[in-house]
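**Q** This is the structure I have questions about; it appears just below.
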Amino acid sequence: MKDYTLGFIGAGRVTKIMLDGFKRAGTFPRQVVATDLKQETLDALKTRFPSIDTVLNDNQKPCAQDLVFLALHPPAIGAVLDGIRPFVSPNTILVSLAPKISIEKISERLGGFKRIVRLLPNAPSIVNAGFNPTTFSPAFALDEKQDILSLFRVLGECPEVKEETIEAYAITTAMGPTYLWFQLDELQKLGETYGLASNDLQSGLKHMVIGAAKTMFESGLSASEVMDLIPVKPLGEDEAGIRSLYKTKLDALLNKLKAS
Ligand SMILES: NC(=O)c1ccc[n+]([C@@H]2O[C@H](COP(=O)([O-])OP(=O)(O)OC[C@H]3O[C@@H](n4cnc5c(N)ncnc54)[C@H](OP(=O)(O)O)[C@@H]3O)[C@@H](O)[C@H]2O)c1
């Protein structure tokens, strides 16, 4: 794997997730520089990863690294792009982690800069089990794409996808854990009150989720055949309401992400 140095503009959740993933895999980059608007956010990151450099509200140093991650929410990105325009060198690889703002728009804002990647990370990257769709501008040769993807693959699966699918992946896979985690938390808490040992229950729930996904997608059965495998469904009468909630909320969010 190529020995890239990394810059992060924004030192919040996704920066922590990615750095934790590299650390856990034993492939922590030799140089990481992160900036953020708040000193306390930088201090928390530095405490967790002592080898990194942090700089308060200074985008120039992260931009001097090989890969520069825009780890910012979309509303903050426009002004940051305007500010970093003088610091982006012809060799920089700019990686946007935002679920919106196209490569074309980023390029325009940077005066025609072309070496842009969009990576949509998801939180299980923290345990190297992410599903992180990636899309490249046409500026990258195949071997360079492979080098970049081999860095990202430390965090999990990184399929190369068409850019126009990124928003849909944001809602289904990137935000997907938020639909499941609270349910797992509730099952864990309830199971413990039923007398199950915490570790045994964690292991059971983990196997259950993996097994349920494999059955849904690898059994060769249709979705309705899979769901008919268990006739007793304690939440069955609420399913229609939950499905409708998914549709209403996720459709609205997709429209919001697609709107420029
Ligand atoms: N978390 C995930 O699982 C996930 C998954 C997929 C994609 N993403 C994307 O990753 C991006 C970052 O998300 P996040 O979850 O890491 O958000 P976050 O935890 O809120 O982190 C963003 C950080 O950037 C800081 N910031 C804002 N403006 C800045 C500026 N001009 N210069 C430097 N730092 C600035 C924020 O400071 P303040 O809090 O003071 O504003 C905050 O500390 C978003 O586009 C998000 O959609 C996240």
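The values are calculated or read from the model by the stated rules, or taken from the named source; none is laboratory data. Computed from a prediction, not measured in an experiment: that's the story for all the values here. Backbone-built Cβ (ideal geometry, glycine too); neighbour counts: all protein chains shown.
**Q** Anything in the range 110-127 that is part of a loop (DSSP other than H, G, I, E, B) and either among the aromatic types (Phe, Trp, Tyr) or closer than 19 Å to Ile166 by Cα (or both)? List them, or say none.
**A** Listed by number, the residues that qualify are Phe113, Lys114, Arg115, Leu120, Pro121, Asn122.
**Q** Moving on. If you take the residues in the range 63-82 that are assigned to a helix (DSSP H, G or I) and within 9 Å of the ligand (Cβ to nearest atom), which one is surrounded by the most Cβ atoms within 10 Å (Cβ to Cβ)?
**A** Among those residues, the one meeting the criterion is Ile77.
**Q** Another question, then. Within the range 39-62, which residues are under 22 Å from the mean Cα position of the chain (by Cα) and part of a loop (DSSP other than H, G, I, E, B)?
**A** Result: Phe49, Ile52, Asn59.
**Q** Taking the condition of being in a loop (DSSP other than H, G, I, E, B) and hydrophobic (A, V, I, L, M, F, W, C), how many residues in the range 222-260 meet it?
**A** So the answer is 5.
**Q** Output the number of the condition that Ile166 fails; it satisfies all remaining conditions of (1) farther than 19 Å from Phe131 by Cβ; (2) of a type in the set (Val, Ile, Thr); (3) in contact with a Ser or Thr (Cβ under 7 Å, 6 or more places away or on another chain).
**A** (1)
**Q** Of the conditions (1) more than 22 Å from Lys162 (Cβ to Cβ); (2) of a type in the set (Gly, Ala, Ser); (3) assigned to a helix (DSSP H, G or I); (4) more than 10 Å from the ligand (Cβ to nearest atom), Ser107 clears all except one; give me its number.
**A** So the condition that Ser107 fails would be (1).
**Q** Return the total of residues in the range 212-221 being loosely packed, with under 10 Cβ neighbours inside 10 Å and assigned to a loop (DSSP other than H, G, I, E, B).
**A** The qualifying residues number 1.
**Q** Quick one: Asp143 ticks every box in (1) under 24 Å from the mean Cα position of the chain (by Cα); (2) surrounded by 14 or more Cβ atoms within 10 Å (Cβ to Cβ); (3) assigned to a helix (DSSP H, G or I) bar one, so which box is it?
**A** (2)
**Q** Hey, can you tell me all the residues within the range 103-136 that are hydroxyl-bearing (Ser, Thr, Tyr) and surrounded by 19 or more Cβ atoms within 10 Å (Cβ to Cβ)?
**A** Ser125, Thr134, Thr135
**Q** On to the next question. Among the residues of the range 85-97, are any near the ligand (Cβ under 10 Å from one of its atoms), of a type in the set (Lys, Arg) and touching a helix residue (DSSP H, G or I) at 6+ places or on another chain (Cβ under 8 Å)?
**A** No, the range 85-97 contains no residue that is near the ligand (Cβ under 10 Å from one of its atoms), of a type in the set (Lys, Arg) and touching a helix residue (DSSP H, G or I) at 6+ places or on another chain (Cβ under 8 Å).
**Q** I would also like to ask the following. Yes or no: Gly195 among the small types (Gly, Ala, Ser), away from the ligand (no atom under 16 Å from the Cβ), more than 20 Å from Phe8 (Cα to Cα) and buried (at least 17 other Cβ atoms within 10 Å of the Cβ)?
**A** Answer is no for this residue.
**Q** Given Leu142, Leu155, Leu119, Leu110, which one is in the same structural domain as Val14 (by TED's automatic domain parsing) and more than 21 Å from Gln65 (Cβ to Cβ)?
**A** So the residue among Leu142, Leu155, Leu119, Leu110 that is in the same structural domain as Val14 (by TED's automatic domain parsing) and more than 21 Å from Gln65 (Cβ to Cβ) is Leu142.
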